[in-house]
1. Under 30 Å from E193 (Cβ atoms), outside the structural domain of E30 (by TED's automatic domain parsing) and modelled with pLDDT of 95 or more: does that describe H139?
2. Could you grab me the full set of residues in the stretch 156-169 that are outside any helix (DSSP H, G or I) and touching a helix residue (DSSP H, G or I) at 6+ places or on another chain (Cβ under 8 Å)?
3. Among the residues of the stretch 112-123, are any among the aliphatic types (A, V, I, L, M), touching a residue at least 40 places away in the same chain (Cβ under 8 Å) and not assigned by TED's automatic domain parsing to the domain that holds G182?
4. All but one of (1) within 22 Å of the chain's Cα centre (by Cα); (2) under 27 Å from N201 (Cβ atoms) hold for T129; state the number of the condition that does not hold.
5. Name the residues in the stretch 77-110 that are on the phi < 0 side of the Ramachandran plot and not in a helix (DSSP H, G or I), would you?
6. Just the residues that are small (G, A, S), surrounded by 12 or more Cβ atoms within 10 Å (Cβ to Cβ) and under 23 Å from the mean Cα position of the chain (by Cα), please, taken from the stretch 15-51.
7. Quick one: R141 ticks every box in (1) among the basic types (K, R); (2) assigned to a helix (DSSP H, G or I); (3) surrounded by 12 or more Cβ atoms within 10 Å (Cβ to Cβ) bar one, so which box is it?
8. Please go through (1) of a type outside the set (D, E, K, R); (2) within 30 Å of I146 (Cα to Cα); (3) modelled with pLDDT under 95; (4) surrounded by fewer than 12 Cβ atoms within 10 Å (Cβ to Cβ) for F54 and return the number of the only condition it doesn't satisfy.
Amino acid sequence: MTHNHSLLPGHVIAHCSGVLGSEILAPLREQGGLVASIHPLRAFRAHHVQINAFKDCDCVVEGDPDAVLTLTTLFTQMGAHVIPISASKKATYHAAAVMASNYMVTLASCAIALFHEAGLSEAQAQNITKDLMQSSLTHIREAAHINQALTGPLSRGDLNTVTLHLEAIQSESVNALYRAAGLATLPLTSLDESMRIALKNRFKLSSD
């Protein structure tokens, strides 16, 4: 694009990468271009999307002020909610997006595999997983604070159940994921310090 002679001063050039900042387009500034990045926080499976796909879609933007203003106006007109961000924070932001979106699929896959291992049919495993995840999403949406959406053995400090789970999960990678998720969940509980320590030690003991 740096050799594109049709680029005129004031033209806006933007990319839609979630992790990279607008500085990768910096050479275009030398030709008078205004650079920015805008990342839609929505999972698009097709290479071509309809304009109404951006309705109520959160889009994170950063870059040259005039480019940001232009993109904010354009995407707002398409129904999007535009959120400014610092370019230096994009990698952290994108990691959060991946955890909230892509890794939900990973968790679903692991749950389905365990249900299947427990004797449920593929259809039963998929339906139960979808219903449980949808229920949790509803709790998250309705909760004033994320920790209020937490249910299950960790929320009540059920060390025995956690131990039985860890003994039952034979897959090394799924067992490791269960432990990592458990450790990350402990700060969301209202358990006393002694119970948190006991659970934390149990998760770590399983990795030794």
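The values are calculated or read from the model by the stated rules, or taken from the named source; none is laboratory data. Note that the structure is predicted; figures quoted are calculated from it, not measured. Cβ atoms come from the backbone with ideal geometry, glycine included; neighbour counts cover every protein chain shown.
1. On the way: under 30 Å from E193 (Cβ atoms): yes; outside the structural domain of E30 (by TED's automatic domain parsing): yes; modelled with pLDDT of 95 or more: yes.
Against the criterion (under 30 Å from E193 (Cβ atoms), outside the structural domain of E30 (by TED's automatic domain parsing) and modelled with pLDDT of 95 or more), H139 qualifies.
2. The answer is G157, I169.
3. So far as the stretch 112-123 goes, yes, one or more of its residues are among the aliphatic types (A, V, I, L, M), touching a residue at least 40 places away in the same chain (Cβ under 8 Å) and not assigned by TED's automatic domain parsing to the domain that holds G182.
4. Failing condition for T129: (2).
5. Matches in the stretch 77-110: M78, A80, H81, V82, I83, P84, I85, S86, S101.
6. Within the stretch 15-51, S17, G18, G21, S22, A36, S37 meet the criteria.
7. All conditions pass for R141, except number (3).
8. Condition not satisfied by F54: (4).
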